[in-house]
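Enquirer: Before I ask anything, here is the structure I am working with.
The values are calculated or read from the model by the stated rules, or taken from the named source; none is laboratory data. All of these numbers come straight from a predicted model, not from anything done at the bench. Quick reminder, even Gly has a Cβ in these numbers, built from the backbone with ideal geometry, and neighbours come from all protein chains shown.
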Amino acid sequence: MRRLLRLLAAAAAAAPLAALAGAQQYEPLSTSVKSAMSRAVSDKGVPQLRFKDPEDGYRWLLAMSERLAKRVPDAKFRVELLKTVHYEATRAGLDPQLVLGVIFVESGFKKYAVSKAGARGLMQVMPFWVGLIGEGGHNLFHLRTNIRYGCVILRHYLDIEKGDLYRALGRYNGSLGRPEYPTLVLAAWRGTFKYPGPLA
């Protein structure tokens, strides 16, 4: 089993697996859950790093930016991406590095990625979510919109699974019960995007 985990971790470090891109399944939501998720995706706040000490925020941004430089060569877009990930993940009660791991495996940081199942953007969000919890004008290829939806959806699945990250990731990807996807995301989170300093 350890050998399998090491091989999967090595695969995650080398390149994301396009075949694992998201395909969240439609499930009816209760009115209260739908309302809460709708409020969460309609946020209009400006993304900003949420660190008690601005120096910690600068160090995090620099560390993550260096790790993404080859995959996201445009420095301006890379900083915007990282600030958005940190803001939306923190807002949803998620670890920003976990969200970076999801993006790494889902889309390889390709903003306009589309999976065979029709999932879109960085976090590979299925279009049915716009009709379910969003507004008709929401564009899933828009950086902030996509990451906001992805974080809200992952938080929803974590709540359904009572904090079981492995199962929540399976739900997010539409592969609940299969180990490949959660293992790759966890390997990226604990490896490529591991960060020892303060996150807020």
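Enquirer: Among the listed residues 11, 36, 40, which satisfies the condition of being at pLDDT below 95, closer than 23 Å to residue 188 by Cα and of a type in the set (A, V, I, L, M)?
Expert: Criteria check complete, one pass: 11.
Enquirer: So, residue 166, is that one at negative phi, crowded, with 24+ Cβ neighbours inside 10 Å, in contact with a helix residue (DSSP H, G or I) (Cβ under 8 Å, 6 or more places away or on another chain) and not in a loop (DSSP other than H, G, I, E, B) or not?
Expert: So residue 166 does not fit the description; no.
Enquirer: Follow-up question, since we're still on this one. Which residue out of 183, 145 is of a type in the set (S, T, N, Q), buried (at least 19 other Cβ atoms within 10 Å of the Cβ) and modelled with pLDDT under 95?
Expert: It is 145.
Enquirer: For segment 108-124, state whether one or more residues are farther than 23 Å from residue 27 by Cβ, polar (S, T, N, Q) and in contact (Cβ under 8 Å) with a residue 24 or more places away in the chain.
Expert: No, there is no match, as no residue in segment 108-124 is farther than 23 Å from residue 27 by Cβ, polar (S, T, N, Q) and in contact (Cβ under 8 Å) with a residue 24 or more places away in the chain.
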